[in-house]
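Colleague: This is the structure I have questions about; it appears just below.
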Amino acid sequence: MSQYSPLVIISYLIGPTLIIVSHIGALLVLITGLSWGSVLWIILLYFLRMLATTGIYHRLLTHKSYQAPKPVLWIGSLVAASAGQMGPSWWKAHHLIHHQYVEQDLDPHSPFTPAQGIKGFLWSQGGWLLSSRFFPEKLPMDVEKDTVLKVIDRLHFVPLVALGVLSYGIGGLEYLGAFFLSTTLLFHGVQTVNSISHLMGKQPFQTKDNSCNNSFVALITLGEGWHNLHHAFPASSRHGITLKDEGVAYLPDFTYGFIKTLEMFKLASKIKMPNENTLLARARGVES
Ligand SMILES: [Zn+2]
Ligand SMILES: [Zn+2]
């Protein structure tokens, strides 16, 4: 943490503070109630911001599973930051450490260490953000060199606050409460990849960890719950892949559909995916 200036420390700490505020603010809907309009607002904000987190922060920025023009990365990062997912440098730093040390002591959010059982679950479901693990050891140089991404990283809370103000402007306290509720649901949805997808599900591909393909997590995270495939092939743009009758079978993966749609509009290229021989070899535990 000593490598961070006081301003960066303050900027980063605003992130978990706003997530706590969102949890409390979500209670507003108990007072205001929810109209059909505000329910749609909750769903729309959840969906768009989840997609930016999975399709841009995770599969583009962190794993480079496809290529896209810079404005796609910048706009997507702004939307992901408005989800309360912190900035691009912080997000990528943590996620790369997760892949490097998966389920070992240095994994920032493993359900197996430093605690197990219900404590381990709560740790991986968000508790880790309230520990010293919150500050990554170092930030990724490629993101730090991009001035736009660096500004978004340090001012990550601005899009989130702006969206809250917009929500209030649209529908007063009811829509502000809907915004807080959507942000809280989104936060926990993303965290299920860290918790449930390392605890429960199927493991069609050989990995050195307990990562699982979990259909419930895949549903609420637009495809990220196919986490066993992801740990077996982190650079694959498609996560929804499994094995059936000794062959390869494809699973619903909305984020992959989004990437293919970007490709149709010439906004995505060089989409990476392992071929079926490679997938079958990994299923048998043969590195190829
Ligand atoms: Zn994982
Ligand atoms: Zn990943």
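Colleague: Using a Gaussian network model of the chain whose springs link C-alpha atoms within less than 10 Å, name the residue from E174, E246, E224 with the highest mean-square fluctuation.
Modeller: Checking each option, the largest mean-square fluctuation is seen for E246.
Colleague: What nm distance separates the two modelled labels at E276 and L166, each placed 7 Å from Cα along Cα→Cβ?
Modeller: 4.3 nm
Colleague: Same structure again: Taking 41 Å as R0, compute the FRET efficiency from the Cβ-Cβ separation of D105 and E246 and round it to 0.05.
Modeller: 0.65
Colleague: Also, I was wondering about something else. Which of W91, W36, W128 ends up with the largest GNM mean-square fluctuation for the chain, with Cα atoms connected below 10 Å?
Modeller: W36
Colleague: Considering the dipole of the chain built from charges on the beta carbon (Lys and Arg +1, Asp and Glu -1) around the Cα centre, which of F254, I75, L185 is farthest to its positive end?
Modeller: Among F254, I75, L185, the one farthest towards the positive end of the dipole of the chain is I75.
Colleague: Further question on the same structure: Collect residues whose amide H, placed 1.01 Å from N in the peptide plane, falls under 5 Å from the amide H of I241; neighbours closer than 5 in sequence don't count.
Modeller: L251
Colleague: Would you mind classifying the stretch 7-53 by shape? Square roots of the alpha carbon gyration tensor eigenvalues, ordered a ≥ b ≥ c; an a/c under 1.5 is rounded, otherwise it is prolate if a/b is larger than b/c and oblate if not.
Modeller: It comes out oblate by the Cα gyration axes.
Colleague: Can you tell me the relative contact order of the stretch 6-283? Whole percent, Cα pairs under 8 Å, sequence separation 6 or more.
Modeller: Relative contact order here is 23 percent.
Colleague: Roughly what percent of Cα-Cα pairs across the stretch 109-187 reach past 19 Å?
Modeller: Looking at the stretch 109-187, the distances longer than 19 Å represent 60 percent of pairs.
Colleague: Pick from D105, D153, D209: which residue has the top mean-square fluctuation in a GNM of the chain where Cα pairs under 10 Å get a spring?
Modeller: Largest GNM mean-square fluctuation: D105.
Colleague: Considering only protein heavy atoms, what per residue accessible area in square angstrom results for the chain with a 1.4 angstrom probe?
Modeller: 47 Å²
Colleague: So if R0 is 45 Å, what FRET efficiency would K70 and S131 give, r being the distance between their Cβ atoms, rounded to the nearest 0.05?
Modeller: 0.85
Colleague: Here's a follow-up. With a 1.4 Å probe and all protein chains kept in place, how much accessible area does E137 have, in Å² rounded to the nearest 10?
Modeller: Here the accessible area works out near 140 Å².
Colleague: Continuing with this model, one more query. Over the alpha-carbon set of the stretch 84-154, work out the extent along each principal axis and list the three values in angstrom, largest first.
Modeller: 42, 23, 15
Colleague: Considering all projection directions equally, how large on average is the shadow of the alpha-carbon convex hull of the stretch 1-137, in square nanometres?
Modeller: Its Cα hull, projected and averaged over all orientations, spans 10.3 nm².
Colleague: I would also like to ask the following. For a 28 Å ceiling on Cα separation, which of these pairs sit above it: K92/K208; K244/K266; K70/K272?
Modeller: The answer is K244/K266.
Colleague: Sticking with this structure for a sec: Is the stretch 6-283 best put as rounded, prolate or oblate by its Cα gyration tensor, with a ≥ b ≥ c the root eigenvalues, rounded for a/c under 1.5, and otherwise prolate when a/b is larger than b/c, oblate when not?
Modeller: Verdict is rounded for the stretch 6-283.
Colleague: If you average 1/r across every pair of different Cα atoms in the stretch 59-119 and take the reciprocal, what Kirkwood value do you get, in Å?
Modeller: 13.1 Å
Colleague: Let me ask something additional. What is the log10 of I(q)/I(0) for the stretch 147-207, computed with the Debye formula using one identical point scatterer on each Cα and no solvent, at q = 0.19, 0.30 Å⁻¹?
Modeller: -0.82, -1.11
Colleague: Here is a follow-up. Angle between the Cα long axis of helix 254-264 and the longest principal axis of the chain, 0 to 90 degrees, nearest 10?
Modeller: For 254-264 against the chain, the angle is about 90 degrees.
Colleague: What does the extension gain come out to for E144 and L13, with contour length at 0.36 nm per residue minus their alpha carbon separation?
Modeller: Taking 0.36 nm per residue and subtracting the Cα distance, the gain is 45.3 nm.
Colleague: Give the Debye-formula value of log10 I(q)/I(0) at each listed q (0.11, 0.24, 0.27 Å⁻¹), with one equal scatterer per alpha carbon of the stretch 1-80, two decimals each.
Modeller: At q = 0.11, 0.24, 0.27 Å⁻¹ the computed log10 ratios are -0.47, -1.09, -1.14.
Colleague: Something else now. Taking 2.2 N^0.38 Å as the expected size of a compact globular protein, what ratio does the Cα radius of gyration of the stretch 130-238 give against it, to two decimals?
Modeller: In units of the 2.2 N^0.38 Å rule of thumb, it is 1.35.
Colleague: Given the DSSP H assignment, sum -39500 (n - 2.57) over each helix run of at least 4 residues in the chain and divide by its residue total; what's the result at 222 nm in deg cm²/dmol, nearest 500?
Modeller: -16500 deg cm²/dmol
Colleague: Measure off, as a whole percent, the carbon and sulfur share of the 1.4 Å-probe accessible area of the chain, all protein chains present.
Modeller: Here carbon and sulfur together make up 68 percent of the probe-accessible area.
The values are calculated or read from the model by the stated rules, or taken from the named source; none is laboratory data. Given the structure is predicted, the values throughout are model-derived calculations rather than measurements. Cβ: placed from backbone, ideal geometry, glycine included. Neighbour counts: every protein chain shown. These area figures cover heavy atoms from the full protein model, side chains too; ligands, DNA and RNA do not enter into them. Shrake-Rupley method; radii C 1.70, N 1.55, O 1.52, S 1.80 Å.
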